[in-house]
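I have placed the structure first, in the form of structure tokens, so that the comments after it can refer back to it.
The values are calculated or read from the model by the stated rules, or taken from the named source; none is laboratory data. Keep in mind the model is a prediction, meaning the values are calculated, not measured. Heads up, the Cβs are rebuilt from the backbone with ideal geometry, glycines too, and the neighbour counts pull from every protein chain shown. Heads up: the accessible areas ignore ligands, DNA and RNA and are worked out on the full protein's heavy atoms, side chains in. Shrake-Rupley method; radii C 1.70, N 1.55, O 1.52, S 1.80 Å.
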Amino acid sequence: MDVLLAGGSGLIGSKLLAQLDLDPKISRIHSFSRSPLKKSSAKVSEHIDEQLALHSLAEDIRPRAAFSCLGTTIKKAGSQAAFQAIDRDLVLSFAMLARKSGCEQFHLVSSMGADAGSRNFYLRTKGQTEAGLADLGFPALHIYRPSLLLGARGEKRSGELLASKIYHSVENLFPSFLDKFRPIEAEAVAEFMKNKLASSADGVLIWENLELHRLK
């Protein structure tokens, strides 16, 4: 099968790309990015431009699934509007291309607490993205909502590091309450996503942080 992947150079995306590359059932991975991947293989077709090559796919490419690992921070984007342009608008543009190409499944890395009605700008944007995807009519929409991600990034995110330290300093005091907020390895999220490629379930399927830790 052919699959599409946006955000393959990121923390989760790079792990997912490596796992998809090793899957013998996958014949071709179409990677959409704004710059070349650090690691690639003969199985990977790179589509590179500033808009993630979202104009079209060749008519003979009929991918079964698409994975979006796109994401940034407001600090890196430079403004709330620029953040929304990537985490919401670009994701939806990618999803529309996938749907037009016949994708049966769409897989989104979202965030724990995502809610289109949230007062928190970040969580509201993530929720709006989820809602927009649900309107596109994919037979199966998988949404993954991890907590703090663990793994080596190409950039420093001081806020995530501080939150992780705070969590670990108090986790033994409130183990049951804090369990659902437990940080998770990016590798584990990627593996969970890859495994769901074989799922025959339909509809909107939301995988919360606790479920991601159970890795099925």
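For segment 85-105, what are the residues that are open to solvent by 40 Å² or more (accessible area, probe 1.4 Å) and over 15 Å from the mean Cα position of the chain (by Cα)? Before the answer, list the steps.
The first filter runs over segment 85-105 and keeps only residues open to solvent by 40 Å² or more (accessible area, probe 1.4 Å), leaving 85, 88-89, 93, 96, 99-100, 104.
Result: 85, 96, 99, 100, 104.
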Residue, surrounded by the fewest Cβ atoms within 10 Å (Cβ to Cβ), within segment 106-124, restricted to residues that are under 22 Å from residue 11 (Cα atoms) and either small (Gly, Ala, Ser) or in contact (Cβ under 8 Å) with a residue 60 or more places away in the chain (or both): 113
What is the one condition in (1) at pLDDT below 90; (2) open to solvent by 50 Å² or more (accessible area, probe 1.4 Å) that residue 184 does not satisfy? (2)
Could you look through segment 62-84, keep only residues that are in contact with a helix residue (DSSP H, G or I) (Cβ under 7 Å, 6 or more places away or on another chain) and without any contact (Cβ under 8 Å) to a residue 60 or more places away in the chain, and pick out the one that is most open to solvent (accessible area, probe 1.4 Å)? 80
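Name the helices (runs of 4 or more DSSP H) wholly within segment 1-119 that hold at least 2 residues that are within 20 Å of residue 198 (Cα to Cα)? Give the derivation first.
Values: elements: 11-22, 74-77, 80-84, 91-100.
Those helices (runs of 4 or more DSSP H) span 11-22, 91-100.
So, of the residues in segment 15-41 that are open to solvent by 50 Å² or more (accessible area, probe 1.4 Å) and among the hydroxyl-bearing types (Ser, Thr, Tyr), which turns out to be nearest to residue 62 (Cα to Cα)?
Among those residues, the one meeting the criterion is 27.
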